[in-house]
Amino acid sequence: MKTKNIFFRLFITCIGLICLTSCEFKKNAIPKDLAKQQIIPKPVSVTATGSSFEINSNTTIHYQDEELQPIANYLAEILRPATGFKIPVKVLSSKPSSDHIFLSLSDSIATDEGYKLETKEDGVLIKAKKPAGVFYGVQTLRQLLPAAIEKGTKMTDTLLVATGTVIDNPSYGYRGAMLDVSRHFFGVDDVKRVIDLLSIYKMNRLHLHLSDDQGWRIEIKSWPKLTEIGGSSEVGGGEGGFYTQEQYKDIVKYAQDRFITIVPEIDMPGHTNAALASYPELNCDGKAPELYHGTKVGFSTLCIEKEITYKFVDDVIRELAAITPGEYIHIGGDESHVTPIKDYIYFINKAQKIVEKHGKKVLGWDEIAHSELLPNTVVQYWAKGENALKGIEKGAKVLMSPSKKAYLDMKYDSITRIGLHWAAYIEVDDAYDWNLETYEEGISKENIIGVEGPLWTETVENMDDIEYLIFPRVLGLAEIGWTPTNQRNWEEYKVRLGNHKDRLEALDINYYPSKLVPWKSMANQKIDSISK
Ligand code: TNX
């Protein structure tokens, strides 16, 4: 009888304990405080109201304007596998009564990329002036949900969204990354994954470095040997590759659907060995050099005095412009060490006019400031402040990519396996803790269109390598471009970044786990609370 009693008491205590821990579980799972959410880039304004909305089997995504249907579907495709719910997508002209996620366009939002996300217990409302803003509101909502939604498999947690209001818009219009597909070639699927990942952090430009000494990567129908010969190799002598125009259009469309504009670059007049190897007539001596598999820079140049050079540039830019809806074509212009300066200026002046003739604006590395600049030309600051300042004097705007801060191919420290370090070692704090508008005296906010982190790929061979160098530094760059400078500081950011551990892992990103970041797993937190 006595032992029975003890067992009974033990049983009751166990039940009690289980109840307590599961309540603790629930409590931990409920994001009651919107203000404590860990959004990157940090929104401009967050007001919490202390409750939550649950996404359940009745939840429907409504959109009020046809233009928003693709965004509604995009969100549904994230939620369906994670919840196992149907999550229907429906058009509806006015706000539904309950269990809704409602996407709408409204002139009450002032800026083109801004949005308002309002969550009450009965639903979520995302409002913006333009679809881009609605898309960014959706990305914020995504980060308000548990990291496990990113796995694409059914999760066990209840999906709760903290209530309150986020009002948000970016500081800069150009927030980008660059992928060098010339030194090593990366196929369409890799580029799409980069696009997917950038879009989560509200980045809106992907610059593709499509030609260099080691490889020509875009089909030009009027000059087919560029890809036949020039596309057939890469650094180290691998087989290289190229995008057909159809594949390029597919990338452009995929990016557009995620509000990312592709900025294509044809690097000229230097960095052109792959083109020179493909067509002997582009060389001053009429002789094609060998394909190049090394990593030196600055040894090649187009032949400035030959007429055919400009026919070549015109054909390439014409074909590229026809498949590029974005406003910019990048003409490179960096490190033309074997082009005499007079010739260089002559060439860049002509190349700009060709781009303009085909209806596009020019972007170029900071050396192009030596030439006459067309009114809409943008100078990309990578090496020399004095070049960027010269560009400003000539009326140009600046895109900020200073190599000591923004270069994604720089090693984090001396033991990083891949990457270069000629500009600096760039730890995660160095990549975050600087400001666009104070970096260089004389370059202020009104001169700057935004920020871009270039990933050069001399040492980068596969997607794992790309991810290791880009992540987590690109999250910091995204925040530099989005969040007002006076709302950013490293000490606060590093904690927020640390809380993205589960999300980066759920997205299967091979990120660099910097020791400077207090990485924290929410899954472990729950286990902690049980063991207390
Ligand atoms: C400089 S940045 C280059 C590239 C290299 C890079 C490596 C720039 C405009 N030119 O050709 O790949 O350094 O970090």
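What follows draws every value from the coordinates through simple rules; no lab data is involved. From a predicted model like this one, the values you see are computed outputs, not experimental measurements. Every residue, glycine among them, receives a Cβ derived from its backbone with ideal geometry; neighbour counts consider all protein chains shown.
Going by amide H atoms built from the backbone, whose H comes under 5 Å of the H on Y412, apart from near neighbours?
I426
Measuring from a point 7 Å past the Cα of T47 along Cα-to-C-beta, which residues in the range 104-146 have an amide N at less than 12 Å?
Residues 117-119 fall inside that zone.
Using modelled amide H (1.01 Å from N, peptide plane; none on Pro or chain starts), what sits under 5 Å from the amide H of F102, excluding residues fewer than 5 places away?
So F102 has HN proximity to H62, V124, L125, I126.
To the nearest 20 debye, what is the magnitude of the charge dipole of the range 28-168 about its Cα centre, counting +1 on the Cβ of each Lys and Arg and -1 on the Cβ of each Asp and Glu? Intermediate results must be reported in sequence, preceding the final value.
On the way: 15 positive and 16 negative charges, 50 e Å.
Charge dipole, the range 28-168, about its Cα centre: 240 debye, nearest 20.
Any chance you could give the angle, 0 to 90 degrees and rounded to 10, that helix 245-256 forms with the longest Cα principal axis of the chain?
Rounded to the nearest ten degrees, it is 40.
Pull up all non-local amide H partners of D157: gap of 5 or more, or a different chain, and H-to-H distance under 5 Å with H placed in the peptide plane.
For D157, whose amide H was placed from the backbone, there are no distant partners under 5 Å.
How high is the FRET efficiency between K384 and E281 when r is their beta carbon distance and R₀ equals 25 Å, given to the nearest 0.05?
Efficiency, from the Cβ-Cβ distance: 0.15.
Just how large is the dipole of the chain about the Cα centre, in debye to the nearest 20, putting +1 at every Lys and Arg Cβ and -1 at every Asp and Glu Cβ?
2380
Please report the net charge: other residues with Cβ closer than 10 Å to the Cβ of W482, K and R +1, D and E -1.
Values: positive: K42, R175, K202, R488; negative: E113, D168, E479.
Result for the local shell: +1.
To make sure I understand the rule: partners must be lysines, Cα under 23 Å from the Cα of K397, and not fewer than 8 residues away in the same chain. Which ones qualify?
Filter leaves K202, K350, K353, K357, K360, K361, K384, K405, K445.
Write down the percent of antiparallel bridges among all DSSP beta bridges whose residues are both part of the chain, to the nearest 5.
Numbers: 21 of 67 bridges.
Restricted to the chain, the bridges split so that about 30 percent are antiparallel.
Pull out the extension gain between K225 and I341, defined as 0.36 nm times the separation in residues minus the alpha carbon to alpha carbon distance; nm, one decimal. Show your work: numbers first, answer last.
Values: separation 116, 0.36 × 116 = 41.76 nm, distance 2.92 nm.
Residue separation times 0.36 nm, minus the Cα-Cα distance, leaves 38.8 nm.
Hey, what angle do you get for helix 188-200 against the long axis of the chain, alpha-carbon based, 0 to 90 degrees rounded to 10?
Once rounded, one gets 60 degrees.
Once you charge only the Cβ atoms, +1 for Lys and Arg and -1 for Asp and Glu, what is the size of the charge dipole of the range 212-304 about its Cα centre, to the nearest 20 debye? Display every interim value, and only then the final one.
Working: 8 positive and 14 negative charges, 32 e Å.
Approximately 160 debye in magnitude.
For a protection proxy built on the mean count of beta-carbon atoms within 10 angstrom, sort 296-309, 392-405, 359-372, 419-432 highest first, please. Don't skip to the end; give the middle numbers.
Details: 296-309: 16.9, 392-405: 20.9, 359-372: 22.4, 419-432: 18.5.
So the order, starting with the most tightly packed, is 359-372, 392-405, 419-432, 296-309.
For the chain, what's the relative contact order in percent, using C-alpha pairs closer than 8 Å and at least 6 residues apart? Before the final figure, lay out the partial values.
Details: 1134 pairs, mean separation 70.0, N = 532.
Once normalised by length, the contact order is 13 percent.
What 222 nm value per residue comes from the helices of the chain, counting each DSSP H run with n ≥ 4 as -39,500 (n - 2.57) and dividing by all residues, nearest 500 deg cm²/dmol? Please report the intermediate quantities before stating the final value.
Values: 17 runs with 186 residues, N = 532.
It comes out at -10500 deg cm²/dmol, rounded to the nearest 500.
Could you work out how much longer the chain between D190 and S94 gets when fully extended? Use 0.36 nm per residue separation minus the Cα distance between them, nm to one decimal. Write down the numbers at each step before the final one.
On the way: separation 96, 0.36 × 96 = 34.56 nm, distance 3.98 nm.
Gain in length upon complete extension: 30.6 nm.
Each residue of the range 428-437 in order: what ³J(HN,Hα) in whole Hz does its phi give by Karplus 6.51 cos²θ - 1.76 cosθ + 1.60, θ = phi - 60°, with x for Gly and Pro?
5, 6, 4, 5, 9, 8, 8, 10, 4, 7
What lysines could a cross-link reach from K225, if we take a straight Cα to Cα line under 20 Å and drop same-chain neighbours fewer than 8 places away?
K287, K306, K311
Using the Karplus equation 6.51 cos²θ - 1.76 cosθ + 1.60 (θ = phi - 60°), what ³J(HN,Hα) coupling, rounded to whole Hz, does each residue of the range 52-69 give in order, writing x for Gly and Pro?
Per-residue couplings from phi come out as 8, 10, 9, 7, 9, 5, 8, 5, 10, 9, 10, 10, 9, 9, 3, 4, 8, 4 Hz.
Within the set of other residues whose C-beta is less than 15 Å from the C-beta of F259, count the net charge using Lys and Arg as +1 and Asp and Glu as -1.
Numbers: positive: K129, K130, R142, R175, K192, K202, R205, K253, R258; negative: E67, D112, E113, D168, D196, D257, E327.
With Lys, Arg at +1 and Asp, Glu at -1, the neighbours total +2.
Report the net charge of residues surrounding T60, where surrounding means a beta-carbon distance below 10 angstrom and charges are Lys +1, Arg +1, Asp -1, Glu -1.
Numbers: positive: K86, K90; negative: D99.
Every neighbour counted, the sum reads +1.
If you take every DSSP beta bridge fully contained in the range 28-168, what fraction is antiparallel? Give it as a percent rounded to 5.
On the way: 19 of 32 bridges.
Rounded to the nearest five, the antiparallel share is 60 percent.
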